[in-house]
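Please treat every number below as a calculation from the coordinates, not as lab data. The shown structure was predicted, so the numbers you read here are calculated from the model rather than taken from an experiment. When we count neighbours, we look across all protein chains shown, and the Cβ atoms used for this are built from the backbone with ideal geometry, even at glycine.
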Amino acid sequence: MSFFKRLLGMGKSKEQLAEEYLLDYKFGNAVDLHTLDSPVSPDILIEVVDEMCMHGKLDGRLVGKKGWYLPNAKKKLGDLLKNIKREPLEIEDVRKATGLNKSRSVIAIKDHIKRTQQLSGLIFEKKEKVVSPNYIKDQWKTILNSFDFVEEQIPISEVYEKLPDKELFLPIVEEYLKDPKSPVVKNKDGIVLLREMVDELLGEKVKNMWEEGAQEITFEEIADEFGVTNEEASKTILRLVNDGELHDVTVYTADELIKRRSSH
């Protein structure tokens, strides 16, 4: 440091010197703060960077605990994730765009996700890429469109065979099958059914169970039969009763079952 710079810095705290230095520094990609020729020690510099980020004086973020700083982090990471619902984000692309190594790229993305409410639920696949459940669902729907579930009885295992990455896809797909927005369900026998057919099939199932001598049927039995939640089974049964599709039925919502009112 030159004599004049030392002179100008006299009387200022180390934190003030660090802040002035940082505000004057021209940041590009991520930088290891230990490597900067600052007027204070790296430890103080890191503390000041953290404080300045918290108060909006710097637009970047510290990445991890080793002194790496990513300038303009919100925009850089936001731009990288802007298409995440339509396609996966490769961690290698994050590395190239930020100047961070692979591990720190993962840390940076995870930190950004925590700060961004709209990005909750993203999946890190083997620390190689970031995937949105929306993308997985869209891929799943494309696979479903290649089958004819009306004309054929197709086992779910046959559909699963078309998944590009079972380890990644299966947990999301199996959870999605229970979602009322899913276009298909998986019945007790592992056969794929169009969700729009469940009302009719459920009504037929109840009638068959009456004919076989059942006196009461629980919502859980119906839910298990058609691969839906108890709540959805309850709503469907109530709708069928109210629409006159199911006759001589008393619904006990508190006990989650139906009983027949008369014999046939």
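Observations
- Farthest toward the positive end of the dipole of the chain, out of L201, I91, F169, is the Cα of I91, where the dipole comes from beta carbon charges about the Cα centre.
- Positive end of the dipole of the chain (Cβ unit charges, origin at the Cα centre): among N230, A18, S132, the Cα lying farthest that way belongs to A18.
- Coarse-grained scattering of region 178-264 at q = 0.13, 0.22 Å⁻¹, given as base-10 log I(q)/I(0) from a Debye sum over alpha-carbon atoms: -0.38, -1.07
- Counting Cα-Cα pairs of region 123-205 in 10 Å increments starting at 0 gives whole-percent bin shares of 16, 50, 25, 7, 1.
- Applying a DSSP loop filter and a limit of 10 other Cβ atoms within 10 Å to the trypsin sites (Lys or Arg not before Pro) in region 20-79 leaves K26, K65.
- With kT/(6 pi eta Rh) evaluated at 25 °C and eta = 0.890 mPa s, and Rh the Kirkwood radius from Cα pairs, region 207-252 diffuses with a coefficient of 223 µm²/s according to Stokes-Einstein.
- Loop trypsin sites (Lys or Arg not before Pro), region 130-203, which have at most 10 other Cβ atoms in a 10 Å radius of their Cβ (DSSP): K181
- Reported to the nearest whole Å, the Cα centre-to-centre distance from region 46-64 to region 96-118 is 15.
- q = 0.23, 0.27 Å⁻¹: log10 I(q)/I(0) that the Debye formula gives for region 77-155, counting C-alpha atoms only: -1.03, -1.32
- Rg in Å to one decimal, and Dmax rounded to a whole Å, for the chain via C-alpha atoms: 29.6, 105
- In the chain, helical runs assigned H by DSSP with n ≥ 4 each contribute -39500 (n - 2.57); averaged across all residues and rounded to the nearest 500, the mean residue ellipticity at 222 nm is -14000 deg cm²/dmol.
- Listed residues S41, S182, S132, most fluctuating in the chain (Gaussian network, C-alpha, under 10 Å): S41
- Put a plus charge on the Cβ of each Lys and Arg, a minus charge on the Cβ of each Asp and Glu, and nothing anywhere else: the dipole of the chain about its Cα centre is then about 2120 debye.
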